[in-house]
1. Among the residues of the range 49-92 satisfying the criterion of being exposed (fewer than 12 other Cβ atoms within 10 Å of the Cβ) and among the β-branched types (Val, Ile, Thr), which is farthest from Gly114 (Cα to Cα)?
2. Which ones in the range 61-88 are assigned to a loop (DSSP other than H, G, I, E, B), at negative phi and modelled with pLDDT of 90 or more?
3. Could you identify the single residue in Leu147, Leu125 that is within 18 Å of Tyr13 (Cβ to Cβ), in contact (Cβ under 8 Å) with a residue 40 or more places away in the chain and either outside any strand (DSSP E or B) or of a type in the set (Ser, Thr, Tyr) (or both)?
4. Which of the residues spanning the range 124-160 are closer than 21 Å to Thr78 by Cα and at pLDDT below 90?
5. Please give the number of the condition Leu45 fails out of (1) modelled with pLDDT under 95; (2) under 15 Å from His131 (Cβ atoms); (3) among the aliphatic types (A, V, I, L, M).
Amino acid sequence: MQIEKNKVVSIDYTLKNDDGQVLDTSEGREPLNFIHGNGHLIPGLEEALEGKTKEEKLSVAIPPEKGYGNRSEEMVHTVDKSNFEPGANIEAGMQFQAQMEQGVQMLTVLKVDGDKITLDGNHPLADQTLHFDVEVKDVREASAEELEHGHVHGPEGHQH
Ligand code: ZN
């Protein structure tokens, strides 16, 4: 069976940056399960997996345009510390999620200068070429229930 839209796919993967540094890997964990063709993965990885079959291995380099995008300085904002909980210990490098008009966004604290906090809404992997080594562990039909929910269910079925 080939990977195509709405198939349930399981992959093992390792993600490296241009320097060969490992950024993320499924090694030592369960494979990543997802319903293909619905934007669960970055576009470049879904494209690379299209048509692949169980046990195939691939190595792909994905440019930022098909990964986490290019950095935009418009995503960098300076806000007053009063926007945070009183007594919160905010330090450069911290990451947190914020509820924005367009949905949940990951923000990184770039700088703390007195009461002024500079926040970066760019994805931490923006501007990076992503090097994926992937092994397809399984490809199967999605159940009607999985398609309806938009996510993969375990072997015991619906558990939520
Ligand atoms: Zn469900």
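1. Within the range 49-92, the match that is farthest from Gly114 (Cα to Cα) is Thr53.
2. Listed by number, the residues that qualify are Pro63, Gly67, Tyr68, Asn70, Arg71, Ser72.
3. Testing whether each residue is within 18 Å of Tyr13 (Cβ to Cβ), in contact (Cβ under 8 Å) with a residue 40 or more places away in the chain and either outside any strand (DSSP E or B) or of a type in the set (Ser, Thr, Tyr) (or both) leaves just Leu125.
4. Within the range 124-160, Pro124 is the sole residue that qualifies.
5. Going through the list (1) modelled with pLDDT under 95; (2) under 15 Å from His131 (Cβ atoms); (3) among the aliphatic types (A, V, I, L, M), Leu45 breaks only (1).
To keep it simple, each residue is scored yes or no on (1) within 16 Å of the ligand (Cβ to nearest atom); (2) within 25 Å of Ile42 (Cβ to Cβ).
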| position | (1), (2) |
| --- | --- |
| Pro86 | no, no |
| Ala92 | no, no |
| Ala98 | no, yes |
| Thr118 | no, no |
| His123 | no, yes |
| Asp127 | no, yes |
| His131 | no, yes |
| Glu135 | no, yes |
| Leu147 | yes, yes |
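The values are calculated or read from the model by the stated rules, or taken from the named source; none is laboratory data. Every value quoted in this text rests on a predicted model; they were computed, and no experiment measured them. FYI the Cβ positions are ideal-geometry reconstructions off the backbone, even for glycines, and counts take in every protein chain you see.
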